[in-house]
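Novice: This is the structure, below, for whatever I ask next.
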Amino acid sequence: MTHHFPGGLPTPRPVIEPDAEPWWDAAGRGELTVPYCEACGRPFWYPRGFCPRCGSTGVVWRPATGEGTVYSYTVVRRAAEPWGSHTPFVLAYVTLDEGVTVQTNIVDCSSDVLEPGLRVRAVFERADDADLPVLRFTPVDPVH
Ligand SMILES: [Zn+2]
C-alpha cells in the first residue's frame, strides 16, 4: 500500500552552540553549508566549531550542493509523543554529495520511491515551536 509521508514533524528546540551559529545563520537563509577543517581539509558532520578528527578549531563553512543519497532508512510506526500522532514517518541517513552523512527525515515522499540510493535534496522546514530552520530531505525527482 502506498503511503505519502508529509512534512511538518514536531521538532524540539535545539541548543544552539555559539560555534555552530554560522551553520544556523546560513540555514536561516535557506542555504545548506558543510563545515570543513582548515587543518586536515576534510568535511565533517554535525556542525560544530572544531574538527572531530584532529581537534583543530579552524573551521570553514562551505556551501553544499544541497543534494545527496539515502544511505539507509526506517519507517517509524510507533513513537512517543509528540511524534506518536505523526506516525508513520521516515527516519533516514542521507549521505550528502560532500561526503558527510546526516541523520534526518525524508518528507513529502511516497513509499513507492523510498529506497537506499534515492536521490534527495535539502529542504528547510520551520518548526511549530521554534523559529528555526529544520534540515530535512525530499526526493529530487518528485515521482508521487
Ligand atoms: Zn581536521
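Novice: Averaged across orientations, what area in nm² does the convex hull of the alpha carbons in the range 15-64 project?
Specialist: For the range 15-64, averaging the hull's shadow over all directions gives 3.2 nm².
Novice: For q = 0.09, 0.21 Å⁻¹, what log10 I(q)/I(0) does the chain give under the Debye formula with an equal point scatterer on each alpha carbon and no solvent?
Specialist: -0.29, -1.33
Novice: How charged is the neighbourhood of Pro18? Take every other residue with its Cβ under 14 Å from the Cβ of Pro18, and add Lys/Arg as +1 and Asp/Glu as -1.
Specialist: -3
Novice: Please identify every one of the GluC sites (Glu not before Pro) in the range 1-106 that sits in a loop by DSSP and has no more than 14 other beta carbons within 10 Å of its own beta carbon.
Specialist: Glu38
Novice: Please report the spacing between the Cα centers of the range 90-136 and the range 8-79 in Å, no decimals.
Specialist: Distance between centres, Cα-based: 13 Å.
Novice: Additional query: When every alpha-carbon pair in the range 66-144 is counted, what percent end up more than 14 Å apart?
Specialist: 61
Novice: Residue by residue, what Karplus-based ³J(HN,Hα) values in Hz, rounded to whole numbers, does the range 57-66 have, using 6.51, -1.76 and 1.60 with θ = phi - 60° and x for Gly and Pro?
Specialist: Values, residue by residue: 9, x, 10, 10, 9, 9, x, 9, 5, x Hz.
Novice: Also: Nearest 20 debye, what's the magnitude of the dipole of the range 66-144 about its Cα centre given +1 on Lys and Arg Cβ and -1 on Asp and Glu Cβ?
Specialist: 220
Novice: Please get the size of the charge dipole for the range 15-64, origin at its Cα centre, with Cβ charges of +1 on Lys and Arg and -1 on Asp and Glu, quoted in debye to the nearest 20.
Specialist: 240
Novice: Moving on to the next point. So which trypsin sites (Lys or Arg not before Pro) in the range 7-96 pass both tests, a DSSP loop state and at most 14 other Cβ atoms within 10 Å of the Cβ?
Specialist: Sparse-neighbourhood loop trypsin sites (Lys or Arg not before Pro): Arg29, Arg53, Arg77, Arg78.
Novice: How would you rank Glu125, Glu115, Glu21, going from fewest to most other Cβ atoms within 10 Å of each one's own Cβ?
Specialist: Arranged by neighbour count, lowest to highest, Glu125, Glu115, Glu21 become Glu115, Glu21, Glu125.
Every number here is computed from the coordinates shown, using simple stated rules; none is lab data. Fair warning: this is a prediction, and the values are worked out from it, not measured in the lab. Quick reminder, even Gly has a Cβ in these numbers, built from the backbone with ideal geometry, and neighbours come from all protein chains shown.
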